[in-house]
1. Quick check: convex hull over the Cα atoms of the stretch 124-186, volume per residue in Å³, rounded to an integer?
2. Along the principal axes of its C-alpha atoms, what lengths does the stretch 1-103 span, in descending order and rounded to whole Å?
3. Once you sort the root eigenvalues of the Cα gyration tensor of the stretch 53-150 as a ≥ b ≥ c, which label holds: rounded (a/c under 1.5), prolate (a/b larger than b/c) or oblate (the other case)?
4. Whole-Hz ³J(HN,Hα) for each residue in the stretch 53-69, computed from phi via Karplus 6.51 cos²θ - 1.76 cosθ + 1.60 with θ = phi - 60°, x for glycine and proline: what do you get?
5. Got a sec to turn the phi values of the stretch 26-36 into Karplus ³J(HN,Hα) couplings, 6.51 cos²θ - 1.76 cosθ + 1.60 with θ = phi - 60°, whole Hz, x for Gly and Pro?
6. Can you tell me the length gained on complete extension of the stretch residue 7 to residue 186, counting 0.36 nm per residue apart and subtracting the Cα distance?
7. At a 1.4 Å probe radius, carbon and sulfur cover how many percent of the accessible area of the chain?
8. Using the per-residue mean of other Cβ atoms lying within 10 Å as a proxy for protection, in what order, highest first, do the peptides 159-170, 100-111 fall?
Amino acid sequence: MNFPRIFEIKTSRCRLRAPTEEDIPHVFSATRFEGFNDGMLWDAPEREEELRRPLEDGRKAWDEGRAYGFTIESLQSKKFIGRIGIRRTDEEDVWNIGFWTHPRYQRRGYMTESVAAVLGFGFEELNAIRIEACHALWNIASERVLKKSGMTFIRHIPKGFKKKDEWIEENLLGISSNDWRKRKIE
């Protein structure tokens, strides 16, 4: 199932669209904030040019139907807010989401809105049976976004990912298509 690069999702305040080269300075600026990359699987780049390869890899994954990454921007002002993506897991019809908000726009509800939209995309367009997400134990803000979206605890992962030669503990949360549909009806 391939979607054109111009595919977008709109929420009441956000537009989720395929990332472009114009996003690179915004992504780079987010990584300059102290602690921003601590809960990410990737390290902060030294230079903007280092973000071109991940952009190309994301486009290829989109074309192959393995993952769909979106830039989140304000619907009205077109300001860059963050990123969100959904990607296949090794389990059939199970997808995983990941996201981040530029520090300048955190705590305004943009990500809760965007996660809800991507869950809809995953269940309605990708026919997912379950969508999961991990968060570092200390990342209470991400946990709150996931729970507001209807995700519930699945399991603790003592060795979630390695950062600076130390393991970061994570929790895995998820929601089934049936539970998502029930929440949608309520």
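The values are calculated or read from the model by the stated rules, or taken from the named source; none is laboratory data. Because the structure is predicted, anything quoted here is derived from the model rather than measured. When we count neighbours, we look across all protein chains shown, and the Cβ atoms used for this are built from the backbone with ideal geometry, even at glycine. For accessibility, only protein heavy atoms count, side chains too; no ligands or nucleic acids. Shrake-Rupley method; radii C 1.70, N 1.55, O 1.52, S 1.80 Å.
1. 93
2. Computed over the Cα atoms, the extents are 37, 32, 22 Å.
3. oblate
4. 5, x, 5, 5, 4, x, 5, 5, 4, 4, 4, 8, x, 8, 7, 10, x
5. 6, 4, 4, 5, 4, 6, 7, 7, 3, x, 4
6. Contour length minus the Cα-Cα distance gives 61.6 nm.
7. Answer for the chain: carbon and sulfur cover 48 percent of the accessible area.
8. 100-111, 159-170
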